[in-house]
1. Residues of the stretch 297-333 with the amide nitrogen closer than 18 Å to a label point 7 Å from the Cα of Gln248, along Cα-to-Cβ, please.
2. Between the stretch 260-306 and the stretch 33-48, what's the alpha-carbon centroid distance in Å?
3. Taking 0.36 nm per residue of separation and subtracting the Cα-Cα distance, what length does fully extending Ser136 through Arg238 add?
4. State to the nearest 20 debye the size of the charge dipole of the chain about its Cα centre, where the only charges are +1 on K and R beta carbons and -1 on D and E beta carbons.
5. Trypsin sites (Lys or Arg not before Pro), restricted to the stretch 241-333: which are DSSP loop and have at most 14 other Cβ atoms within 10 Å?
6. Among [x] 53, 44, 43; [y] 73, 68, 39; [z] 65, 38, 35, only one was calculated for this model; which label is it, if the read-out is Cα extents along the principal axes in Å?
7. Treat each spin label as a single point 7 Å out from the Cα along the C-beta direction, and report the Arg69 to Asp98 distance in nm.
8. Of Pro119, Asn149, Ile212, which is farthest towards the positive pole of the chain's charge dipole, taken about the Cα centre with +1 and -1 on the beta-carbons of Lys, Arg and Asp, Glu respectively?
Amino acid sequence: MATGFARRRFLSALGGAAAAWPLAARAQTDKIRRVGVLATGFRQTDAEGEARVAAFGDTLDKLGWNDGRNVRLEVRWPSTEIDRIGAEVATLVESAPDVMVISGNVALAARIKLDKRVPTVFVQISDPLGSGFVSSLSRPDGNITGFQNFEPAVGGKWLGLLKEIAPTITRAGVIVHLDTTVQSEFLRAIEAVAPSLGVQVSAINVRESDDIERGIAEFAAAPNGGLIFLPHPRTIDRRVALIEQAAQLRLPAIYPFRYFATSGGLMSYGFDQVEQWRGAAGYVDRILRGTKPADLPVQAPTKYDLVINLKAAKALGLAISPSLLATAVEVIE
């Protein structure tokens, strides 16, 4: 549910259509700090995106930064296509905010290519060290710090859970977006575990959004298959259609975030992204008060949650073991 902050600010006309503020307005509000937010992977009408940005705004509010009084927020909801994301990042950088908050590997990569002067807090970034975004997790450089998503090794965990919930699978199709560096690392981690589980891995490489459905349909032509969806703006944006396709083709699938399972997906294994956005607000507060990003260590999730959708499992004819159910933090009836 949207909070008061979300209704006051993020569902207003500002949304993703905000442009750079006029010079006259800046002159009148030169004491107001400016924070640019790029919520990659979510449309402005997506309740999941709204919840994350609202949590960020509400936390800032509690820390004493009141939108319109001493801080002004510009929130953008970029397209899921790579070139469009880069254009949105460029526009945000050109507006020269005091701090930027950026989600997603694709958007952060674009920001680093464009500018390194604006302090930036990232969220939902997989393997920031291996991706070259920071040189150290404890003391990040380049005026960038934040909250990381997954380490590549979690790929093996995803495959193990998929095999456990659907023991008959012998093939795993991995939805891979190789235009994002870390995706190949996830794939390698999955391939490393696959022989011990008796599973053959196939990469379903996605270059455009429509490639996902076509690749899944081709993979489903052979029996005993299952799917692993890696975190990426394209799959987040198209999650409802992809979940429906997997169900129609009777392909067991594992997803990286809870909202995939609550939307009808079989299972998810990931962490609380909303909490990361609250943490990002805390980092923005400290930066606005004078702390350097290099003095704020990159933080990783400390808890991963397994969510199982029993309705989806029943539709696939899967009998879930009591031991697997016992490890789930949430079971959707």
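Every number here is computed from the coordinates shown, using simple stated rules; none is lab data. Not measured: the values here are computed from a predicted model. Note that we place each Cβ from the backbone using ideal geometry, even for glycine, and neighbour counts take in every protein chain shown.
1. In the stretch 297-333, the label zone of Gln248 (backbone N under 18 Å from the point 7 Å along Cα→Cβ) covers 312, 315-316.
2. 15
3. My answer for the length gained is 33.4 nm.
4. Values: 37 positive and 35 negative charges, 148 e Å.
Value, rounded to 20: 720 debye.
5. Passing sites in the stretch 241-333 are Arg250, Arg289, Lys303.
6. [z]
7. Rounded to a tenth, the inter-label distance reads 1.5 nm.
8. So the residue we want is Pro119.
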